[in-house]
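Structure first, commentary second.
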Amino acid sequence: MAVSFQQIEEKLKTEARRLLESGEVSLVLAWGKGYDEKHPMPYVAKCPSDADGIVFNEYCTHNPARYLVRYPRGTKIAVAVKAADSRAVVQLIQEDKVKRRDLVILGIPVYGIKNPKTGELIDGKTTCGLYNPVLYDVLIGEEVHGQPVSSPYAVLAEYEAMDRDARFAFWKKELDRCIRCYACRKACPMCYCDPCFIDQRKPRWGEKSPEPAGNLMYHLTRFHHLAGRCIDCGECSRACPVDIPLYLFHKKVAKDCEEMFGQAAGMSIEDKPVLVNFRMEDSDKILE
Amino acid sequence: MSRIGVFVCHCGLNIAKTVRVSELAQFASTLPDVVVAKDYKFMCSTPGQEMIANDIREHRLDRVIVTACSPLMHEQTFRKVLAASGLNQYLLTIVNIREQVSWVTHDLDEGTAKAKALLNGAVSRSRLLMPLTSRVIDVNPDVMVLGGGIAGIQAALELANTGRKVYLVEKNSTIGGHMAQFDKTFPTLDCSACILTPKMDSVLQHKNIQLMTSCEVSEVKGFVGNFDITIRQKARYVDHNKCNACLACTEKCPGKSVSEWDEGLVKRKAIYIPFPQAVPQKPVIDREACTFFKKGKCRLCEKVCEQKAIDFGEQDTFSTVKVGAVIVATGYDLMDTRDLIQYGYGKYPGVYNALEVERLFNSAGPTSGKVTLRDGSEPKAIAILHCIGSRDKNSHEHCSRVCCMYSLKFAHLFKEKTSADVYQFYIDIRAAGKGYEEFYNRIIEEDVKFIRGKVARVAKSVDEPDRLIVEAEDTITGKFIKLPVDMVVLSPAMIPRSNAKDVARLFNLSTDKQGFFMERHPKLAPLSTMSEGVFIAGVCQSPKDIPDTVAQANGAAAEALTIVVKDKLELEATTVMVNPASCCACQNCVRVCPYGAPFFNEPKGVSEINEALCKGCGLCASVCPSSAIIARHFTNEQVLAEMEGLMEF
C-alpha cells in the first residue's frame, strides 16, 4: 500500500467535510476515536466540524455499511468502506434497502488491518480478503495492485474434511459457549430485521436465554438467513466476546452458494439476491 | 378449549387394508379436546356425511377432522357438510391417510403408526384454526387461446360462438398449424385443407375473435377469472392494415430462405406468406433472410408496394389483454431424427420424415403432389419405418399414437400415386379408433407388405449406389432381412414444443416425464391443469389424432366457459397478510411471488399484499426472515403446532 493510514485519514476528513459543507449528504459514516488508539469506533459525522473526529488506522475493522439501514429511506449518506464493506453496500443496494442514488461511497483500498484483540493481520482467513472496494464514487488512496493469492475459502479445508457428525459436534461445542449477547447480529450489515426472528414471541422460534437448543436454533437460522447474502467481512466473529468462529459457517454457505449459482454476494449491483431469484438455468443441487 | 370431532374413513379396503381404522379412531378419542371419534366404511357417502352433520349438532363440534383420502378428492365435499351444519368450512382438516399412508405401505403396524402421527399433528393444528371468509371476485368474460392449430382454432370458434370475446394468439404469421401441412387425413382420406381452411376463414371473419398472429405471450399476471397477459407482437415489417395482399413484394424479393411450411424441401422468399390459404393473407418479412437487414440495401419490396405498407423500422410491440380463462393449445414438434444416426436422416437423400412426405403428397407442395425423390425420379420401393424415437427406451418412451395410422395412409397414397412396392416396418399396428381397424384391413388388401420388426439400420446399397438398404429382423419368421429400397419414410416421435418449458413456466403448468403439459387428473380432469383457469387441448397434452384433438378443444372451450360464464367467482380465503410492525423491508416476498401479489409500499417502508392476486401458495411467508407474513390457514403457529404433534408421537 503506497498510501499510509495517516494519509487516508486526512483524505477522509477532507472528503467528509466537503460533502457535508456542500450539503450533498446529510451524514458521513466512518470511524472515530475510541477509548484508545487500538479501539476506534464507528462514527457518524453530521456537520462539517464533525469531520475532524474521523479516524483511520489499522484497527478500523468495523463495517460502517452496518449503519446505512438505520436512517430513514432516502437519507443522503456518504459511507466510508473497505473492500468487504463495499460488498455489503452493494448487497444492500441489491436488496433495495438503500438506493444507489442516495449514497456517496468513499472507497478505501487497504491491507494491513489488524484484529485489535489478537493483533493478527486480517486476511482471507476470516474475511473475503479483497484489497479494493468493488464499488465506490470517491477513491480514498490508491488501488492496490494484484489480488490475494489464496482463496477466501482456503480456510475451509480442515472444516470440510470433517464428516457430518464431526461437524455437528464441532458446532454444538462452539455454539454451546454462546452467551447470547447478539453482538454478531449487531455487527452484521445484513442483519437488519427488526424484530429478529429470535426476539419474536408469536411464534416463539427458540429460547432467548443462553442454553444449547436455543443457541443452535438462533445461530443455524441466522446462518441460513445470511445464505447468499453474507459478504464475508468477518465482523461477527471479531465482535464475538467468546470467539466463536462464525465466519467458518458463513464461508461454507457462501462457497456452496457460489458453486451452485455462480454468484458471490455483493459483487455487482446488477445481480439479484441469489436465493430469491429464480433462473431457469439454476442448479437443482440445492434440492438434493 | 375446542370440541373436535374425528372421522376415520375405511375407504372400503383402500385404507382399512393397511391401517387399523378402529384403533385409529380409538386413539383419536384419547387425544385432548377430541369429543367424538368414529370410523366408517365410506365417509364420503351420504350416510357418512350425515353422520358428521349429526355429530356436529349433537356434540356441538367446533372443529372437524376427516382422516380419509387426499384433500384434492373430497375436501370440498366435507367443507359443504360443515357449511350446511353452520360451521365455518375452514374449520375442517383433512388428514390424508390413503395416498400418504395406506397406499405407500404393506405393513399394518407401520401404516397405523404413521396415521396416528399425522392425526396427532392434525389435532394440534386444528385447535388453532380460524374461521375464514371466502373472497368473491369479478370475472372477466373473455378468453385467450394460445396456439392457432386445429385445437386452438376449434376452441376459439366454439367460444366465440357463445358470444365470448376470444384472443387467438399464434406465434407464426398464419394460423393452421400442422394440420395445414397435411394432404389427406386418415381414415376417411378427406383433404385436410378442405376441412381446415373453412375454419381458418371463420376465425378471420368472426367478430368475436381477435386474431393475433406473430405474437407470443411474454408475461402472465393474475389468476383464474382475472388474467393480465402481456403479449409481444413481433415486428412483421409490413403494416397489415395498409397491405392489400397484392403480393407484388413477394415476386420481386431477392432474399431466400427455406420454407418452413414445405418442411425445407423448397425455398421461399424473405418477404412471404407461408402458403396460399394462409390466414391472415398478408406477407411478413423474415429478418434473417432479408437482404436489406443483412446488407443494408435492397428495399425492393418497399419500392413495389403501392400501399406503402412496408416499414423496415417496425419494432416489437407489447400489449396487455385481460381474460378470465386461458386455453393452451401449443401443439408439438417432430423429433429431430438426425440424432438417430442409424436411420441416416440428413445423410442419405432418400430418407424422409413423415411431414416431408405429407408435403410431397400435397398438390400445393413442392412437387405439386407428385411423389418423386429429391433427384426427381420416382421411387420403385418404399419402406415406411414406424416408431422412430418413440416406444424406445433410448429416446422417448411414449407411443406417438398417430404414426401407425398415417403410415397406413402413406401406404395407400404411395400405391395410388406410384407403382412402387410399399413395405411397413412396424412393432404393433395400433388402430384403435373409429373406422381405424377397417382402414387397416383395407390397406392390407392393397398389396402393402407388412414386416413386423423394428429397423436396425438404414445403409447405402453397395451394389446400387443410388439405393438404400433397410436392415431389420422379421420377428414373425425370425429371419434377418436386408431390403433394397429407394425411399425410406421415418415416423418420428411427436415431442413437446421446444419452448414448452417456457410456456409451462409462464402459466405455472407442470409437465410430465416427456415434457407434455400435465393435466390435473388423468381421467377426471384431463383438460384442466394445476393452474386454475388454464386449460389444455390437443397434442401439447399428449400425442393424439385430429378427432381427439378437436374433441379436447371443444371440451376445453366448455371448461373455460364454466368459468367465464359467471359474473363472480368464489376464491379460497387462504391468502396471506403482512404484519407491518414486523416487516423488515427486505422485499423477498416481492421477489419470489409468482403472481405479483406483494408490493413494496415505499412511503411506509413495508411490503403489502394485493389480495386479489394472492393465491395463498405461501412462498412469501417461507422466505420472510422476520415472520411478518402470515399465511391464513397455514400460520406459523398452526404449522408449528402440527409439527410438534407429529414429532411428539
Item to check | Folded to 0 to 90 degrees: helix A:246-261 orientation relative to chain A principal axis, Cα | outcome: 80
Checklist entry - Angle, helix B:546-564 long axis vs. longest principal axis of chain B, Cα atoms, 0 to 90°, nearest 10? => result 40
Checklist entry - Rounded, prolate or oblate: which fits the stretch B:334-494 when a ≥ b ≥ c are the square roots of the eigenvalues of the alpha-carbon gyration tensor, with rounded for a/c under 1.5 and prolate only if a/b beats b/c? => result rounded
Checklist outcome for this item: Most exposed to least, judged by fewest other Cβ atoms within 10 Å, A:Glu288, A:Glu259 sort to A:Glu288, A:Glu259
Checklist entry - Which ordering of B:Cys194, A:Cys128 is given by a fewest-first count of other beta-carbon atoms within 10 Å? => result B:Cys194, A:Cys128
Checklist entry - With respect to the cross-link table entries B:Lys171/B:Lys415; A:Lys11/A:Lys114; B:Lys347/B:Lys417, which display a Cα-Cα separation exceeding 32 Å? => result B:Lys171/B:Lys415
Checklist entry - Based on Cβ point charges of +1 for Lys and Arg and -1 for Asp and Glu, what charge dipole magnitude is obtained for chain B about its Cα centre, in debye rounded to the nearest 20? => result 940
Checklist entry - Angle between the Cα long axis of helix B:403-417 and the longest principal axis of chain B, 0 to 90 degrees, nearest 10? => result 20
Checklist entry - Where does the stretch B:248-304 land on Rg/Rh, using Cα atoms and the Kirkwood Rh? => result 0.96
Checklist entry - How large is the charge dipole for the protein assembly as shown, taken about the Cα centre, if only the Cβ atoms of Lys, Arg (+1) and Asp, Glu (-1) carry charge, to the nearest 20 debye? => result 1100
Checklist entry - If you average 1/r over every pair of different alpha-carbon atoms in the protein assembly as shown and take one over that average, what Kirkwood value in Å do you get? => result 33.5
Checklist entry - Got a sec? How would A:His224, A:His145 order by Cβ neighbour count within 10 Å, fewest to most? => result A:His145, A:His224
Checklist outcome for this item: Violations at 31 Å Cα threshold for listed pairs A:Lys99/A:Lys173; B:Lys434/B:Lys460; A:Lys117/A:Lys251 -> A:Lys99/A:Lys173; B:Lys434/B:Lys460
Checklist outcome for this item: Using alpha carbon centers only, the stretch A:74-89 is separated from the stretch A:116-176 by a whole-angstrom value of 20
Next on the checklist: Taking every alpha carbon pair in chain B, what does the distance histogram look like in 20 angstrom bins from 0, in percent?
Outcome noted: 16, 38, 31, 14, 1
Checklist entry - Where both residues lie in the protein assembly as shown, what percent of DSSP beta bridges are antiparallel, nearest 5? => result 50
Item to check | the stretch B:411-469: C-alpha gyration tensor shape, a/c 1.5 cut-off, then a/b vs b/c | outcome: oblate
Checklist outcome for this item: With Cα springs under 10 Å, the Gaussian network model of chain A assigns the largest mean-square fluctuation among A:Asp271, A:Asp163, A:Asp232 to A:Asp163
Checklist outcome for this item: Scoring chain B by relative contact order with C-alpha pairs under 8 Å, at least six apart, yields a percentage of 14
Checklist entry - When only Cα pairs under 8 Å and 6 or more residues apart are kept, what is the percent relative contact order across the stretch A:5-139? => result 23
Item to check | Calculated P(r) of the stretch B:8-63 - Cα pairs past 20 Å, % | outcome: 26
Item to check | Global geometry of the stretch A:1-48, whether rounded, prolate or oblate, following the gyration tensor of its Cα atoms and the 1.5 cut on a/c | outcome: oblate
Checklist outcome for this item: Straight-line reach check, B:Lys482, cutoff 14 Å on alpha carbons, 8 or more apart in-chain or any other chain, hits among aspartates and glutamates -> B:Asp463, B:Glu464, B:Glu471, B:Glu473, B:Asp474
Next on the checklist: Between the stretch B:469-522 and the stretch B:1-33, what is the separation of their alpha carbon centroids in Å?
Outcome noted: 48
Checklist entry - Please state the relative contact order of the stretch A:154-287 as a whole percent: Cα pairs under 8 Å, 6+ residues apart? => result 24
Item to check | Separation between Cα centres of the stretch A:214-276 and the stretch A:15-45, rounded to whole Å | outcome: 28
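Any read-out appearing in this document is the output of simple, stated calculations on the displayed coordinates, not a laboratory observation. Everything numeric here is computed off the predicted structure, so don't read it as measured data. We place every Cβ from the backbone using ideal geometry, glycine too, and count neighbours over all the protein chains shown.
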